[in-house]
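Okay, so here's the structure we're looking at.
The values are calculated or read from the model by the stated rules, or taken from the named source; none is laboratory data. If you're wondering where the values come from, they're calculated on a predicted model, not measured in any experiment. Cβ sites come from the backbone with ideal geometry, for glycine too, and all protein chains shown count toward neighbours. Accessible surface areas use protein heavy atoms only, side chains included; no ligands, DNA or RNA. Shrake-Rupley method; radii C 1.70, N 1.55, O 1.52, S 1.80 Å.
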Amino acid sequence: MSTPPGGAKPRVLLVDDDATIRRVVGMVLEDLEVEFVPCADADAARAALRQAPAALLLTDLMMPGEDGFSLLASLQADPALRGPARLAVFSAGLNAQTRARLQGLDVWRELAKPVSATALEACVADATGVNTGAVGTAPPPPAGLAPDEQRAVAEQFAGDIALYRAFRAQALRQFGADRQALAQALIGGDWPAVHRQAHSLKGALATLGDHAGAGHARTLEAAAARGDDSAARAAWPALDRHLETLLSRGE
């Protein structure tokens, strides 16, 4: 880890096409002495690196257009642009096949979505050297949350109920758009788009502790990955109803 020039805060770049994920990561890191730079795609990340070096670049893998694998490979090929940045992966799709593709790309750390706030902070602290502060006992989540939601607050949001609620509100706003995009992609048989949208929903729902919804999204994701038309169309109604229920309740 190199010290930024002039005593500037170390920069942390997050590359993720999901605006909800960018927002919640920013909220998790807002109390750390780092400059958080959210990037919606690989081009934005490269532009940010041209502006100033980063201590850490954390990238999703599955993104529309240029994916994370391509971004990592381009930084390997251009060490001057990469600079001192450690490279980390932040993805809900980490498996044996994915890890095989990451070989040789100098990935320093892998974080599987959903990741706990504590693990995310630890990754940033290890890359930048900043202090995360004293670790205390998280307060118990308020009554009224389902057991899975209580575990999500404790594990994914370090007991921060306000952060959980902010993420949930942002996610619900995005779910309506995701639902429409999925329906259109299914009508057109656009399996890469179906796969990408289902993958994103799976991660967001799992982060919220909604394992039933994440399971529906995972089933659709797997069918789309195979290009299995009948299985995808059979999987969609359960996820659609689940999202409709969440949106109608506003919870």
For this session: Taking every Cα atom in the chain, find the radius of gyration and the maximum pairwise distance Dmax, and write them in Å.
Result: 18.5, 59
Exercise. Can you pull the three principal axis extents for the Cα set of the stretch 1-94, in Å, largest first?
Worked result: 36, 32, 21
Seminar exercise, completed: Note to self, the chain gives a 222 nm [θ] from helices alone (DSSP H runs n ≥ 4, -39500 (n - 2.57) apiece, / all residues, nearest 500) of -18500 deg cm²/dmol
Seminar exercise, completed: Rounded to the nearest 10, the angle in degrees between the Cα long axis of helix 42-51 and the longest principal axis of the Cα atoms of the chain comes to 20
For this session: For the stretch 1-117, give the percent of accessible area contributed by carbon and sulfur heavy atoms, probe 1.4 Å, rounded to a whole number.
Result: 48
Exercise. Based on the Cβ-Cβ distance of residue 119 and residue 80, what FRET efficiency does E = 1/(1 + (r/R0)^6) give at R0 = 35 Å, to the nearest 0.05?
Worked result: 0.70
For this session: Starting from the coordinates of the alpha-carbon atoms of the stretch 154-251, obtain the Kirkwood hydrodynamic radius over all distinct pairs and give the value in Å to one decimal.
Result: 13.5
Seminar exercise, completed: For the chain, longest principal axis from Cα atoms; helix 161-188 axis from its Cα atoms; angle between them, nearest 10 degrees, is 60
Exercise. If you line up the long axis of helix 19-29 against the longest principal axis of the chain, both from Cα atoms, how many degrees apart are they, to the nearest 10?
Worked result: 50
Exercise. Which value, in Å², gives the accessible area per residue of the chain when a 1.4 Å probe is used on the protein heavy atoms?
Worked result: 46
